[in-house]
Amino acid sequence: MKNEAIENNPILTLANVSKNFGGVVAAKDINLSLYPREVFGLIGPNGAGKTTLINLITGVNKVDQGTIKLNGEDITNRPNYYRARAGITRTFQHPHLLQRCDIETNLFLGIDLANKKNAARDIEDREYLDMLLDRAGLNINLSHSIGKLAYGQQKLLEIVRALLTHPQVLLLDEPAAGLNQREMERIDKLIEVAITKDAAVLIIEHRMDLVMSICDRITVLNFGNQIANGTPEEIQSNPVVVEAYLGRRHNA
Ligand SMILES: Nc1ncnc2c1ncn2[C@@H]1O[C@H](COP(=O)(O)OP(=O)(O)OP(=O)(O)O)[C@@H](O)[C@H]1O
Ligand SMILES: [Mg+2]
């Protein structure tokens, strides 16, 4: 992806965001900004607080301290549906799909929830959907049940569903986990769609080959702390990151 320069105002800003669960520090003084057309990586060991950050941005969890702004508007205390309608969309570490419903119902659920019901099913959106399914490599019958799809296909379908809402901020929680190499290559093609629409993409991922190849900037979390920020090159050669995360992975 690798964008040229960050010349715009940020779409999303987190300022001094903190969150504890009982005695667990899940986020401590997190500061980050997402800019249009950038792919931002969030990495770190298990339990570092990566998913929590998505939960705080989407409003699933409330911050203890700090501020979250979307296009300059303070959304810190806004409910999750407000944030969804304002253009913040996510996927889940493990797909959240309605297993008993057909694929089409699942696909349009996000749009229905974002209250764009009538706009969702017109011809233009159908063409957009076909384009997304093609990029995802999903040659599927939409009337089939979700259960007919393999795990990797379900995860790609979640990204398609997210893109159907035309997000400004797309938050992907470990999209490549459980995907084979061919499926993983589809993620890049789907992210490209969000980028051409001037969205910002935040990706949490343990697959370092993917992270290092698509991210413009990366933040590393460890025990809720933001231990490093930088380009993929800077992160890979940062001794603190190698000690806390990358080295451990290579030695595993
Ligand atoms: N709702 C919750 N209630 C209590 N503790 C929580 C809750 N959500 C997260 N935690 C704790 O906060 C810490 C961070 O969890 P989080 O799921 O954000 O980590 P992560 O970086 O996404 O890890 P992984 O790579 O395993 O997905 C963990 O110790 C976790 O147990
Ligand atoms: Mg997680």
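The values are calculated or read from the model by the stated rules, or taken from the named source; none is laboratory data. No experiment lies behind these values; they were computed from the predicted model shown. With ideal geometry, Cβ positions are generated from the backbone for all residues, glycine too; neighbour counts draw on all protein chains shown. The protein model used for the area step is the full one, side chains on, heavy atoms only, and it has no ligands, DNA or RNA in it. Shrake-Rupley method; radii C 1.70, N 1.55, O 1.52, S 1.80 Å.
Residue pairs whose Cβ atoms lie under 7 Å apart, sitting 6 or more positions apart in sequence or on different chains, and linking a residue in the stretch 216-240 that is within 20 Å of Ile195 (Cβ to Cβ) to a partner that is modelled with pLDDT of 95 or more and assigned to a helix (DSSP H, G or I), are Ile218/Val211; Ile218/Pro232; Ile218/Ile235; Pro232/Met212. Filtered by the rule that a residue be within 11 Å of ligand 2 (Cβ to nearest atom) and part of a loop (DSSP other than H, G, I, E, B), the stretch 20-52 gives Gly44, Pro45, Asn46, Gly47, Ala48, Gly49.
Pairs only if they're at least six apart or on different chains, beta carbon under 7 angstrom, first in the stretch 85-107 and open to solvent by less than 60 Å² (accessible area, probe 1.4 Å), second of a type in the set (Lys, Arg) and in a helix (DSSP H, G or I); list them, first residue then second. Between residues of the stretch 85-107 that are open to solvent by less than 60 Å² (accessible area, probe 1.4 Å) and residues that are of a type in the set (Lys, Arg) and in a helix (DSSP H, G or I), the close pairs are Pro95/Lys155; Asn106/Arg161; Leu107/Arg161. Of everything in the stretch 16-44 that is near ligand 1 (Cβ under 7 Å from one of its atoms) and surrounded by fewer than 21 Cβ atoms within 10 Å (Cβ to Cβ), the residue that is nearest to Tyr81 (Cα to Cα) is Phe21. Among all positions in the stretch 71-81, there is no residue which is of a type in the set (A, V, I, L, M), at pLDDT 90 or above and under 14 Å from the mean Cα position of the chain (by Cα).
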